[in-house]
Amino acid sequence: MLETVAEIPIIKQFNEVGGIAYGILKGILIIYVILALISIIVPMLQNNAILEIINNSILTKFLYNNNLILMILF
């Protein structure tokens with residue numbers, strides 16, 4: 001019965017848009033968690049290669065320097 005309701009065109013569009021938005025938010029959260037872990041682990045390794053890779057990408061550099069998880073925790 002729910003499948004029939006989900007096939008109504010307007011509800012189907014909201015379902016697809018909601019799925020896309022959920023996927024984007026989930027991906028951004030995963031990236032923030034990975035970058036938060038990197039910012040904690042890299043100073044212990046004394047290896048600047050990872051930081052050079054991050055600094056070469058404009059988007060990754062922005063997310064690394066403005067990490068919401070680290071801002072909340074510290």
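Read-outs: derived from the displayed coordinates by stated rules, not from any lab. Everything numeric in this text was worked out from a predicted model, so none of it was measured. Note that we place each Cβ from the backbone using ideal geometry, even for glycine, and neighbour counts take in every protein chain shown.
Values computed for the structure shown
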item	result
Kirkwood hydrodynamic radius over Cα pairs of region 33-74, then Stokes diffusion coefficient at 25 °C and 0.890 mPa s, in µm²/s	232
Translational D in µm²/s for region 2-44 (Stokes-Einstein at 37 °C, 0.692 mPa s, Kirkwood Rh from C-alpha pairs)	259
Tail beyond 20 Å, pair distance distribution of region 2-73 (Cα, percent)	48
Modelled FRET efficiency - R0 22 Å, residue 68 with residue 44, Cβ distances, 0.05 increments	0.45
